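The values are calculated or read from the model by the stated rules, or taken from the named source; none is laboratory data. Because the structure is a prediction, the values reported are computed rather than measured. Ideal geometry is used to build each Cβ from the backbone, glycine not excepted, and the neighbour counts take in all protein chains shown.
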């Protein structure tokens, strides 16, 4: 039986107490009766996502996206695409909350890839989470991935094909040559028959290019789409793609969801959900079940 995200919000401290850390691994069970625990390597605290789980519990990272993402996956099943998977948090959420779901996770940065593979091994997820060691954009080929060289000693969570994705004054970059695919080309090449139900795109300001390379997928499958919107994102391009593909934007803030306004950077709501226009009522109901106040 499904437990409402609203109940989970009220009991977040109780779920945080379920966390265990052993052998540099943190484990958390998403707040659904039938969810499986998911585990991530802490890497001596250097993985910021795992460290947030260890100290603050389920709601500690990117609230309210874990709630919303898990609810969408549970409601729709099928195939989930995780573009910019990093160390695998959202891929593992999908696997945890629905045992029938498969995930295709895309991550091009070699040091992070190694940890992503480790996390899939820990969770015995390799049969259900396929890792693709490539970037995703609007045309296939090769490109330079730009990675900040910051002396913070943490697992890097920011890397982009856009050399200008960080604001002026940040640390210098190193660049790594990576393979690039598009979601439309990927789906054609793998011959996957499961319906794509949820797509998460976090590629540090080039989300519009990923969607430009996925127009056939968006038209055919009508998935829910999560995108990150940064100060350096091309919001005009995102807005054009959203409108031309028949989606409605929902800005996800920690306590509320703002429906239907033009896409813009929101300091309290970096994550946006694109809902197919024909499924807006269903999408809003799912969002409300997570305890968010929906503003239309």
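Descriptive notes on the structure:
- Across region 226-249, the qualifying residues are those that are in contact (Cβ under 8 Å) with a residue 40 or more places away in the chain and out of contact with any helix residue (DSSP H, G or I) (no Cβ under 7 Å at 6 or more places or on another chain), and the one among them that is surrounded by the fewest Cβ atoms within 10 Å (Cβ to Cβ) is 231.
- Residue satisfying condition, being in contact with a helix residue (DSSP H, G or I) (Cβ under 9 Å, 6 or more places away or on another chain), more than 27 Å from residue 161 (Cβ to Cβ) and in contact (Cβ under 8 Å) with a residue 40 or more places away in the chain, within set 260, 291, 213: 291
- For region 166-179, filtered to residues that are at pLDDT below 80 and surrounded by 17 or more Cβ atoms within 10 Å (Cβ to Cβ), the residue that is nearest to residue 46 (Cα to Cα) is 173.
- Filtered by the rule that a residue be under 16 Å from the mean Cα position of the chain (by Cα) and surrounded by fewer than 21 Cβ atoms within 10 Å (Cβ to Cβ), region 79-108 gives a lone residue, 102.
- Region 20-59: number of residues that are assigned to a strand (DSSP E or B), more than 24 Å from residue 74 (Cβ to Cβ) and in contact (Cβ under 8 Å) with a residue 12 or more places away in the chain: 3
- Between 71, 55, the distinction of being within 19 Å of the chain's Cα centre (by Cα) and either modelled with pLDDT of 90 or more or closer than 19 Å to residue 271 by Cβ (or both) belongs to 71 only.
- Taken over region 180-189, residues that are surrounded by fewer than 16 Cβ atoms within 10 Å (Cβ to Cβ) and either within 16 Å of residue 211 (Cα to Cα) or within 21 Å of the chain's Cα centre (by Cα) (or both) amount to 1.
- Test: residue in region 184-192 that is touching a residue at least 12 places away in the same chain (Cβ under 8 Å), within 15 Å of residue 84 (Cα to Cα) and touching a helix residue (DSSP H, G or I) at 6+ places or on another chain (Cβ under 6 Å): no
- Filter pass, residue 209 being surrounded by 19 or more Cβ atoms within 10 Å (Cβ to Cβ) and within 29 Å of residue 146 (Cβ to Cβ): yes
- The criterion of at least 2 residues that are in contact with a strand residue (DSSP E or B) (Cβ under 9 Å, 6 or more places away or on another chain) and farther than 18 Å from residue 187 by Cβ is met by the following strands (runs of 3 or more DSSP E) wholly inside region 68-153: 141-148.
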